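What follows is one structure encoded as structure tokens, with my remarks underneath.
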Amino acid sequence: MVRNTPLATNNPAKTETGVTTQTPARRPVESELIVEGLASYGNYRIFAGGTDEKLYTAGLEYDRHSWGYFLRARVDYVAEVLPLVILDKPLLTDIWGNPPSKISKARQIVPGVGFSPIGIRWMWRSNKAIKPYLMGKGGILAFDKKVPSTEATYENFSLQSAIGAQLKVNQRWDLRLGLFSDFHSSNAFMVPVNPGLDVMNANLGLSYHFGR
């Protein structure tokens, strides 16, 4: 006698009574890997003092459907690695990261890396062609110079918030359009001077889906 259960696999197993059963298949967890890039297009001064600075990043983001649903949105865990971070800033600044009052066009490029192990994403209409999302990520940036001023630090904490949408290309690939995001970095007063930096940016990426 064969007893079938829902979502059965093709690997039947016999019990001590001789009854053959089939164990339920475990549905793979949905996850995705995103190749992404970020480019800033403006500064504002609310929680930070640095101005006239531009930030560019490139890296990988991992999203995993770990926490069910909330307000009809799929809730995902997010982690990010940024092997390429570029800060384009004025060469001369005061201790708060502001360029001198006298106009100077001299600038410098400061390379760095970033890592954000803590993040969350809410995604609505996750099975549709257009998928709006809201996301937050927290981590750290490290540069080879003290930024955004010489009185600051080599390492800065980072906090990102973003709103955008992913466009379905096919069953495996999506296109990310994060046209409005905020990237904040500061040293949380590890030293007496904490200039900080806030930039508005666009985040674009190509997403590959696993587990479907």
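The values are calculated or read from the model by the stated rules, or taken from the named source; none is laboratory data. What you see is a predicted model; the values in this text were computed from it and never measured. No Cβ is skipped: glycine too gets one built from the backbone with ideal geometry, and neighbour counts run over all protein chains shown. Side chains included, ligands, DNA and RNA excluded: accessible areas come from the protein's heavy atoms. Shrake-Rupley method; radii C 1.70, N 1.55, O 1.52, S 1.80 Å.
Structure summary
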{"read-out": "Number of positions in segment 157-186 that are under 23 Å from Glu30 (Cα atoms) and either assigned to a loop (DSSP other than H, G, I, E, B) or touching a residue at least 60 places away in the same chain (Cβ under 8 Å) (or both)", "value": "6"}
{"read-out": "Any hit, segment 96-111, residues being under 22 Å from Glu32 (Cα atoms) and outside any strand (DSSP E or B)", "value": "no"}
{"read-out": "Residue count for segment 143-152, restricted to those that are open to solvent by less than 10 Å² (accessible area, probe 1.4 Å) and assigned to a strand (DSSP E or B)", "value": "1"}
{"read-out": "All positions within segment 110-142 that are surrounded by 14 or more Cβ atoms within 10 Å (Cβ to Cβ) and over 19 Å from the mean Cα position of the chain (by Cα)", "value": "Val110, Arg125"}
{"read-out": "Scan of segment 123-152 for residues that are modelled with pLDDT under 95 and hydroxyl-bearing (Ser, Thr, Tyr), ordered by number", "value": "Ser126, Ser149, Thr150"}
{"read-out": "Set Leu134, Leu87, Leu92: member being more than 17 Å from Gly164 (Cβ to Cβ), out of contact with any helix residue (DSSP H, G or I) (no Cβ under 7 Å at 6 or more places or on another chain) and in a strand (DSSP E or B)", "value": "Leu87"}
{"read-out": "Pick from segment 190-212, criterion closer than 22 Å to Ala165 by Cα and assigned to a loop (DSSP other than H, G, I, E, B), ranking: least open to solvent (accessible area, probe 1.4 Å)", "value": "Gly211"}
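Per-residue answers, yes or no, for (1) in contact (Cβ under 8 Å) with a residue 40 or more places away in the chain; (2) open to solvent by 60 Å² or more (accessible area, probe 1.4 Å); (3) touching a Ser or Thr at 6+ places or on another chain (Cβ under 7 Å):
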| site | (1), (2), (3) |
| --- | --- |
| Ser66 | no, no, no |
| Tyr69 | no, yes, no |
| Val75 | yes, no, no |
| Val78 | yes, no, no |
| Pro83 | no, yes, no |
| Asp88 | no, no, no |
| Leu92 | no, yes, yes |
| Ile95 | yes, yes, yes |
| Ala106 | no, no, no |
